[in-house]
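Here the structure comes first, spelled out in structure tokens, and everything after it is commentary.
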Amino acid sequence: MADDTAQLLLFGVVIVILTPLLGRYMARVYAGERNYLTPVVAPIEKIIWQICAIDSRAEQHWSRYAFSVLAVNIVCVLIFYAILRLQYYLPLNPRSVMGLEPSASFATAVSFITGTNWQAYAGEADLSFFSQMVGCTAQNFLAAATAMSVGIAVMRGLTQSRAKTLGNFHVDFIRTILYILLPGSFIFALIFVFQGVPQTLSNFSTVVTVEGGEQVLAHGPVASQVAVKMFSTSGGGFFNANGAHPFSNPTPLTNFLQAVLILAIPAALTYTFGTMAGDVRQGWALFSAMAFLFVIGLAVVYAAEGGGNTLLNRLPIDQTTGNMEGKETRFGTAGSALWAVTATATATGAVNSMLESYTPMGGMVPLLNVQLNEAIFGGVGSGFYSLLFYIVLATFIAGLMVGRSPVYLGKKIEVREIKLAVLTPLIVPIGMLLLPALALQISEAASAMYNKGPHGLTEILVAYASAVATNGASFAGFDASQPFHLNAQALAMMVGRFSFIIAALAIAGSLGAKRSVTTTVGGVPTHTPLFVILMISIIFIFGAMSFFPALALGPLAEHFEMLAGQTF
Amino acid sequence: MLKELRLAVSLVLLMTVLTGLAYPLTVTGLAQLIFPSAANGSLIYGGDGEPIGSALIAQNFTGPQYFHPRPSAVSYNAQISGGSNEAPSSRQLIDKITERTEAARASLGERRIPIGMVTASGSGLDPHISPAAAYAQAARIAGLRNMAEGDLWAVINAHIEGRTFSILGEPRINVLQLNLALDALPKRDGAVE
């Protein structure tokens with residue numbers, strides 16, 4: 001217990017220290033200022049500009065920026081789709097894996113491009129090394145670079161005055177990869193190999209075990225993918241068991257470092273925002289609101305999992321180590337709870353333990369984290385532009401409360417911004433609740449649920465929440481390979497990703513073009529604890545209003561049935 | 001429009017080569033050079049120089065003279081991986097755990113069984129058991145190997161990996177390495193082969 005608390009506290013301390021360091025660095029990178037890596041990276045950057053004929057000084061209007069985002073992402077989908085279909089004929093396929101089916105290829109391509117990384121396949125069995133590297137690993141970089149560029153463009157809109165443009169997407173995109181994602185992933189990939197994560201292009205090893213059986217050990221270029229899937233909050237693993245696999249996450253140290261990698265950029269971007277706004281308190285205010293919700297969620301999951309499974313209390317079993325079904329010995333309940341919350345809050349969706357086998361309360365928090373649509377830190381970049389919708393709503397409501405026109409960072413929030421911001425309370429519940437409701441009416445689609453009773457409903461709620469929020473977390477018993485789910489989820493992921501990107505850029509463009517007004521006397525300042533509490537309340541009220549009925553039928557019903565000794 | 005698309009194609013291709021080929025291949029080269037054992041799966045070799053397993057991957061032990069790993073939802077098949085995906089409220093799960101508990105008590109005596117011994121891990125390949133799970137199996141194994149139980153406890157204790165920096169993770173024992181250590185001890189009279 002004391003050790004567990006120390007482990008979780010250390011995580012908090014590391015994140016709080018890392019946030020200003022990485023946040024300041026990223027602010028310099030995106031402003032094009034000189035930084036530690038400039039001497040090495042700037043020449044490479046120039047070469048790429050030349051090859052692609054990019055005019056690095058050409059600033060883009062928000063609509064142009066959005067168009068460039070879409071163009072790059074369409075190309076990404078097509079390339080990844082082709083790789084998955086053709087992997088049998090491509091190199092680095094020592095086991096002669098066949099190409100994926102068209103619908104599975106399309107769903108997987110969309111899933112990676114949107115940063116969801118839903119695994120409707122088993123990585124070690126269904127993908128060649130080429131697909132893992134040139135497909136999955138590369139797409140983790142490209143999807144994250146898209147989201148971070150949009151996040152930064154939105155920050156520019158909020159912090160500029162009377163500017164018609166939001167920067168240049170291509171320049172931001174290249175900088176994200178060269179200055180941030182590549183160096184970080186490279187260093188951590190090597191640390192992970194040192195800890196035992198394989199990195200090889202040789203075919204699987206076959207061994208004869210001590211008792212004389214044959215065991216084939218799946219491995220490959222794992223470390224390079226694990227590092228970037230965490231740092232980019234993508235989450236798609238090399239293995240079916242994702243971060244629970246000892247080759248993906250071999251030690252308590254890798255477990256801790258991978259959790260830090262997940263939260264590093266989403267947390268630090270709040271500081272980057274504060275720096276760009278010329279007032280780091282603005283960044284810390286957002287950080288505090290999200291950290292508060294994060295800590296509450298972590299406490300609930302840790303307590304629920306540490307308490308074990310109530311249905312086993314009548315058996316002669318020692319449950320002092322908590323609910324261990326689906327968990328690894330080396331992580332225990334604290335190391336597992338840390339991942340469950342970190343990966344679902346940030347749109348990563350990686351797992352180091354099977355969420356499906358969590359207690360109802362321990363599983364409800366990850367579900368709610370996903371349903372809040374990246375409100376708690378969120379994915380790299382996408383977390384910030386998703387938060388924008390909540391910021392606009394919170395500012396609007398604060399304005400109504402004090403009877404002043406709502407102002408955020410000197411920008412008047414007006415009809416156009418409010419209309420666009422309503423997208424979150426509209427699209428999120430429609431996708432997350434109506435699509436599963438529809439699926440339940442189709443008997444084939446409903447049969448994808450693995451567990452019976454209220455837990456089955458939780459499975460399908462997680463699946464669609466995960467798709468709309470482009471998170472990728474899953475209750476893995478759910479069979480997402482059925483055509484209805486492949487198509488509905490691909491649709492949900494595309495709408496969930498690109499509608500918010502376009503709307504966020506539109507809000508940013510509209511705000512950026514406005515003149516900053518000096519904060520009016522009597523308005524609500526947005527760097528104070530009062531605003532932090534308001535943000536927390538808005539996020540919580542939105543989540544509770546939209547999802548409480550569904551949660552009552554799923555995890556809450558399961559919890560109370562279990563207390564009554566009921567099994568399904 | 002066309003210019004924008006041409007730019008997008010060249011940019012994506014270039015960045016794909018950089019992040020999907022140059023990056024993983026450089027990491028592979030360095031990893032193979034600096035950490036060759038870890039980079040190739042932390043294989044453990046037997047007396048004849050042939051690999052007998054990986055230090056990181058569970059393999060099945062059924063012989064009563066060996067420590068047994070945790071139950072596996074994928075039958076210790078290291079080409080696939082995964083957990084049981086059973087809900088905590090699943091009747092199937094509770095029945096399975098009840099069954100495993102009864103079997104464990106039949107072989108280990110009337111005692112409380114550590115939860116890790118009767119639940120499937122997340123990966124199905126968990127190479128570790130908790131110290132409590134090792135102690136629970138000690139009496140059976142000491143008897144079959146004709147060892148004093150105290151001696152066996154000493155071997156177990158020597159194989160406990162503590163928390164990293166005293167706070168990260170859980171204390172644990174690598175089953176394969178512990179069993180190999182037992183097999184390496186001098187043979188005793190009356191011990192089961």
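The values are calculated or read from the model by the stated rules, or taken from the named source; none is laboratory data. Just so you know, these numbers come straight off a predicted model, no measurement behind them. Quick reminder, even Gly has a Cβ in these numbers, built from the backbone with ideal geometry, and neighbours come from all protein chains shown. Surface accessibility is based on the protein's heavy atoms, side chains included, excluding ligands, DNA and RNA. Shrake-Rupley method; radii C 1.70, N 1.55, O 1.52, S 1.80 Å.
What to note about this one:
- Residue that is farthest from the other protein chains (Cβ to nearest Cβ) [pool: residues in the stretch A:242-281 that are β-branched (Val, Ile, Thr) and open to solvent by less than 10 Å² (accessible area, probe 1.4 Å)]: A:Thr270
Residues are listed down the side, and each one gets a yes or a no for (1) within 12 Å of chain A (Cβ to nearest Cβ); (2) under 27 Å from A:Ala2 (Cβ atoms):
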| site | (1), (2) |
| --- | --- |
| B:Asn85 | yes, no |
| B:Gly116 | yes, yes |
| B:Ser121 | yes, yes |
| B:Pro131 | yes, yes |
| B:Gly143 | no, no |
| B:Leu168 | yes, yes |
| B:Leu176 | yes, no |
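- Positions within the stretch B:137-163 being crowded, with 17+ Cβ neighbours inside 10 Å and not in a helix (DSSP H, G or I), in sequence order: B:Arg145, B:Met147, B:His159, B:Glu161, B:Arg163
- Any hit, the stretch A:221-233, residues being of a type in the set (Gly, Ala, Ser) and free of Cβ contacts under 8 Å to residues at least 40 places away in the same chain: yes
- Number of positions in the stretch A:521-532 that are surrounded by 12 or more Cβ atoms within 10 Å (Cβ to Cβ) and more than 18 Å from A:Ser386 (Cα to Cα): 6
- Residue match in the stretch B:126-134 (condition: open to solvent by less than 10 Å² (accessible area, probe 1.4 Å), charged (D, E, K, R) and not in a helix (DSSP H, G or I)): yes
- Single unsatisfied condition, A:Thr165 versus (1) farther than 20 Å from A:Val228 by Cα; (2) at the interface with chain B (Cβ under 7 Å from one of its Cβ atoms); (3) of a type in the set (Ser, Thr, Tyr): (2)
- Of the helices (runs of 4 or more DSSP H) lying entirely inside the stretch A:165-241, those carrying at least 1 residues that are surrounded by fewer than 24 Cβ atoms within 10 Å (Cβ to Cβ) and small (Gly, Ala, Ser) are A:182-195.
- Residue in the stretch A:322-332 that is more than 8 Å from chain B (Cβ to nearest Cβ) and in contact (Cβ under 8 Å) with a residue 12 or more places away in the chain present: no
- Yes/no for B:Glu99 being under 30 Å from A:His455 (Cβ atoms), in contact with a Gly (Cβ under 8 Å, 6 or more places away or on another chain) and of a type outside the set (Phe, Trp, Tyr): no
- Members of the stretch A:242-266 found to be over 14 Å from B:Gly169 (Cβ atoms) and part of a helix (DSSP H, G or I), listed by number: A:Asn242, A:Val260, A:Leu261, A:Ile262, A:Leu263, A:Ala264, A:Ile265, A:Pro266
- Cβ-Cβ under 8 Å pairs, at least 6 apart or on other chains, the stretch A:550-568 side more than 7 Å from chain B (Cβ to nearest Cβ), far side modelled with pLDDT of 95 or more and open to solvent by 50 Å² or more (accessible area, probe 1.4 Å): A:Leu563/A:Thr310
- Helices (runs of 4 or more DSSP H) contained in the stretch B:1-101 and holding at least 3 residues loosely packed, with under 15 Cβ neighbours inside 10 Å: B:2-17, B:23-34
- Against the numbered list (1) over 30 Å from A:Met361 (Cα atoms); (2) facing chain A (nearest Cβ under 7 Å); (3) touching a residue at least 60 places away in the same chain (Cβ under 8 Å), B:Ala78 comes up short only at (3).
- Checking A:Leu190, A:Leu217, A:Leu201 one by one, the residue that is at the interface with chain B (Cβ under 8 Å from one of its Cβ atoms), within 17 Å of A:Leu261 (Cα to Cα) and touching a residue at least 12 places away in the same chain (Cβ under 8 Å) is A:Leu190 and no other.
- Every residue from the stretch B:13-72 that is more than 7 Å from chain A (Cβ to nearest Cβ), in contact (Cβ under 8 Å) with a residue 60 or more places away in the chain, in contact with a Leu (Cβ under 9 Å, 6 or more places away or on another chain) and not hydrophobic (A, V, I, L, M, F, W, C): B:Pro64, B:Gln65, B:Tyr66, B:Pro69
- B:Leu176 assigned to a loop (DSSP other than H, G, I, E, B), assigned by TED's automatic domain parsing to the domain that holds B:Ile94, surrounded by 15 or more Cβ atoms within 10 Å (Cβ to Cβ) and among the hydrophobic types (A, V, I, L, M, F, W, C): no
- When A:Val365, A:Val301 are screened for being modelled with pLDDT of 95 or more, at negative phi and open to solvent by 10 Å² or more (accessible area, probe 1.4 Å), only A:Val365 passes.
- Condition check for A:Phe540: more than 14 Å from every other protein chain (Cβ to nearest Cβ), exposed (fewer than 13 other Cβ atoms within 10 Å of the Cβ) and part of a helix (DSSP H, G or I): no
- Members of the stretch A:114-143 found to be more than 10 Å from chain B (Cβ to nearest Cβ) and either among the basic types (Lys, Arg) or within 17 Å of A:His170 (Cβ to Cβ) (or both), listed by number: A:Ala143
- Screening B:Gly63, B:Gly83, B:Gly47, B:Gly109 for residues that are in contact with a helix residue (DSSP H, G or I) (Cβ under 8 Å, 6 or more places away or on another chain) and over 30 Å from A:Leu127 (Cβ atoms) leaves exactly one candidate, B:Gly109.
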